[in-house]
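Q: Structure incoming, see below.
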């Protein structure tokens, strides 16, 4: 059920709604999705350790402690706040981790590291971690409904800006905090967190997420000890920058955001909005394109894809993750082998300049904001002034969205190929009762 309300009034009731939520209301399908998100997030963490050794070198300097939380896939235990930061940083630095479009960002990578640290520091069970994650995701989705688009339009990074209070709420609920504790935790997190889209295409994006995850964890810890912020209106740092205009909002958990839109497990370590263009290009031109000689490409794409494209001529791997011109150029030349060549931009960016310069993206002014909406797209290949080929494509989620368990499993197998012992991944799957999915293929 939905109704129209002001952002401030809508958000004011969130802490009480979270506090009143009992563990018996989670379905098996919802818990499965939470488990798969944890697998995916932890797999991305190890992949980044292999790709970005300089990050691992920095976080390895955190002092070890006997009573702390573990850095994933290691024997090192550090202070739980440091563990939250470390696990979130490494899981997000490759931008391979899952997204949930109802939240406007990556709830798994910001909420789960904090909850896992809480599992060690407060002794909560894995089942409670998964339940708290689902509530954190729902909380983040409501924040996105109320203020997300306006904050995004103003340049805020939603994963860190909205994820910090959602993480604080999830952690406070996990330790059975009451309404006042949850409200205080969210207020503390809102007052300290933030993030800018200017960081996209660099390590700053992951640093913002890791810092916000730490803020969420610490806010819940301080709130549980009785620390109360000065203002009762916990959401003012989010609502002050925007006009208090009515918005359409969904009642808490009726239906749950995770039932409306499934978690999107990414196929490639690039901006999540590019997963759909990658699939459409491969469908249109095949795994090994045999194209006539062309000198330029014009691709009309929806606004939300066009705005996700940040770099015309990327010079680093981080910038390349936000360059649709590079992705399109590689697919048109190499088909399904494009991502193997994608990594080479880290060492030879100039070698891609010619191919990328032939791709021109055009904003066709269309948006896709809800399930069932679609937006047309046209890609044209030119040689001189002549059109050699014109392909029609359609963006949008047109049918029943499907969770793809094979993608997190594929990432786990990638971790094994990078040197992670199979015993470690087998143990994770067993702890989550997912051993039956060990051989799952991508759906």
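Coordinate-derived values only; no laboratory data. These numbers come from a predicted model, not from an experiment. Don't worry about glycine lacking a Cβ; one is built from the backbone with ideal geometry, like all the others, and counts go over all protein chains shown.
Q: Projected area of the range 272-395, taken from the Cα convex hull and averaged over every viewing direction, in nm²? Before the final figure, lay out each step's value.
A: Numbers: hull surface 29.1 nm².
Spelled out: convex hull of the Cα atoms, projected over all directions, averaged, 7.3 nm².
Q: Taking the Cβ of each residue in 157, 106 as the centre, tally the other Cβ atoms inside 10 Å and list the residues starting with the fewest.
A: Going from least to most buried by this count: 157, 106.
Q: If each of residue 29 and residue 149 carries a label point 7 Å out from its Cα toward its Cβ, how far apart are those two points in nm?
A: A separation of 2.7 nm, rounded to one decimal place.
Q: Could I have the simple spin-label model distance between residue 254 and residue 426, label points 7 Å from Cα toward Cβ, reported in nm to one decimal?
A: Placing both labels 7 Å beyond Cα along the Cβ direction yields 4.8 nm.
Q: In whole angstrom, note down how far apart the Cα centers of the range 163-209 and the range 297-375 are.
A: Cα centres, the range 163-209 to the range 297-375: 31 Å.
Q: What is the distance, in nm, between label points placed 7 Å from the Cα along the Cα-to-Cβ direction at residue 417 and at residue 383?
A: My value for the distance between the label points is 3.6 nm.
Q: Can you tell me what share of the DSSP beta bridges in the range 272-395 is antiparallel? A percent to the nearest 5 is fine.
A: Numbers: 14 of 19 bridges.
The antiparallel fraction comes to roughly 75 percent.
Q: How do 386, 433, 6 rank when sorted from fewest to most other Cβ atoms within 10 Å of their own Cβ?
A: Numbers: 386 8, 433 12, 6 16.
Neighbour counts put them in this order, fewest first: 386, 433, 6.
Q: Still on this model: Semi-axes of the equivalent ellipsoid for the chain, please: Cα gyration tensor eigenvalues, times 5, square-rooted, ordered largest first, whole Å.
A: So the equivalent ellipsoid measures 36, 26, 20 Å along its semi-axes.
Q: To the nearest 500 deg cm²/dmol, what mean residue ellipticity at 222 nm is calculated for the chain from DSSP H runs of n ≥ 4 alone, each contributing -39,500 (n - 2.57), summed and divided by the residues?
A: -15000 deg cm²/dmol
Q: Right, here's the next one. Within 10 Å of each residue's Cβ, count the other Cβ atoms and sort 367, 409, 186, 42 from fewest upward. Walk me through the numbers on the way to the answer.
A: Numbers: 367 15, 409 24, 186 31, 42 27.
Starting with the residue having the fewest Cβ neighbours, the order is 367, 409, 42, 186.
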